[in-house]
Amino acid sequence: MITLEEFDHAAEVVYSAMLPTPQYAWPLLAAELGVDVWVKHENATPTGAFKVRGGLVFVDRLMRENSSVKGIASATRGNHGQSLAYAARRAGIGCAIVVPYGNSQEKNAAMRAFGADLIEHGADFDAAKEKVAEIAAERGYEMVPSFHRDLVKGVGTYSREFLSSVSDLDTVFVPIGLGSGICGMISARNALGLKTKIVGVVSEGAPAYALSFEAGKVVDSDKAITFADGVAVRGPAQEAFDVIKGGAERIVRVSDAAIAEAVRLYFRATHCVAEGAGAAGLAAVMAERESLRGKKVGVVLSGQNIDAPWYREILAGGVPTPA
């Protein structure tokens, strides 16, 4: 687990590049749901998603240990890759990012704009990961996994901000991709000595972490089909699962239709843009609103990076179908 001192050091690194993000209780959300909901706005970072914090901390440690690093390589569906490209450019090193074919065109464009050399490979995130070792070896780059203690320390700074600012939350709903966000929330909760319950949220189309939690061991899923690409993972990370198994209250599944409705609610109630994964926590609150009445709950709007065609479709009442 991560100590408050480690979070303090990670925060120094993060805040050298960005300000803490806000957390707000929006009255229209409370009116619609009948629940006191606080939103942690990780859409308000330099990359539009929480992952940037982890990339900054990982690259900072890497450069302190080896100033001759030529570059980094990793796989992503978008937000992790943007975070690494952003951090690599600040450090003056190269960055190669592998994405699956059919990945979000706007996330791809953002990664390139931040300086990444983008390589397409495979049908989904798990297939894209298989190419990274080859790219790193060819270029003499350091491989960056999608789950690592540095990444958890970095992204966990948002959880420390959130739980320090609103310390009486009964429950926080956190989307799960490969797990750094929820592991950071669990670590911050424990380091602060709070009793806040932490609930993970996955898409019904990518249920690997829910299946694993229910089985008590890592269980790969044979699918990861959801427009919420930030949670489209087939294979859980063992290290992440170990933390989640010991620290999460439960993991819930939400449908893509429910996620789309949560995206629409975010727009109606806050005028904030939420990508699919970023709206998953609110979708879970919408599903459980009756049991949550009278409680103060938190959700993490983990990112805003959704392609315009999908966003138009959602605002028109539809549910995007991933390629």
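The values are calculated or read from the model by the stated rules, or taken from the named source; none is laboratory data. Computed from a predicted model, the values in this text were never measured in an experiment. All Cβ positions, even for glycine, are placed from backbone atoms using ideal geometry, and neighbour counts span all protein chains on display. The area values use the complete protein model at the heavy-atom level, side chains included, leaving out ligands, DNA and RNA. Shrake-Rupley method; radii C 1.70, N 1.55, O 1.52, S 1.80 Å.
Apart from one condition, residue 77 fits all of (1) under 25 Å from residue 267 (Cβ atoms); (2) among the basic types (Lys, Arg); (3) modelled with pLDDT of 95 or more; the exception is (3).
Within segment 132-148, the residues that satisfy the criterion of being touching a residue at least 60 places away in the same chain (Cβ under 8 Å) and open to solvent by 40 Å² or more (accessible area, probe 1.4 Å) are 139, 140, 141, 142, 143, 145, 148.
Filtering segment 149-196 to residues that are surrounded by fewer than 20 Cβ atoms within 10 Å (Cβ to Cβ), under 17 Å from residue 14 (Cβ atoms) and in contact with a Phe, Trp or Tyr (Cβ under 7 Å, 6 or more places away or on another chain) leaves only 191.
Quick check on segment 189-218: of everything there that is of a type in the set (A, V, I, L, M, F, W, C) and touching a residue at least 40 places away in the same chain (Cβ under 8 Å), which residue is nearest to residue 232 (Cα to Cα)? Checked segment 189-218; the qualifying residue nearest to residue 232 (Cα to Cα) is 202.
Pull up segment 267-285, narrow it to residues that are of a type outside the set (Gly, Ala, Ser) and touching a helix residue (DSSP H, G or I) at 6+ places or on another chain (Cβ under 6 Å), then point me to the one that is least open to solvent (accessible area, probe 1.4 Å). By that ranking, first place goes to 282.
Quick one: is residue 20 under 20 Å from the mean Cα position of the chain (by Cα), more than 19 Å from residue 230 (Cα to Cα) and not β-branched (Val, Ile, Thr)? Considered against the rule, which asks whether it is under 20 Å from the mean Cα position of the chain (by Cα), more than 19 Å from residue 230 (Cα to Cα) and not β-branched (Val, Ile, Thr), residue 20 comes out as yes. Starting from segment 18-34, take each residue that is on the phi < 0 side of the Ramachandran plot and list its partners that are part of a helix (DSSP H, G or I) and open to solvent by 40 Å² or more (accessible area, probe 1.4 Å), counting only C-beta distances under 6 angstrom and pairs at least six apart or across chains. Close Cβ pairs satisfying both conditions: 23/165; 33/289.
Scan segment 234-253 and tell me whether some residue there is buried (at least 22 other Cβ atoms within 10 Å of the Cβ) and more than 19 Å from the chain's Cα centre (by Cα). For segment 234-253, residues buried (at least 22 other Cβ atoms within 10 Å of the Cβ) and more than 19 Å from the chain's Cα centre (by Cα): absent. When 181, 235 are checked against the criterion of being in contact (Cβ under 8 Å) with a residue 60 or more places away in the chain, in a helix (DSSP H, G or I) and in contact with a helix residue (DSSP H, G or I) (Cβ under 9 Å, 6 or more places away or on another chain), 181 stands alone in meeting it.
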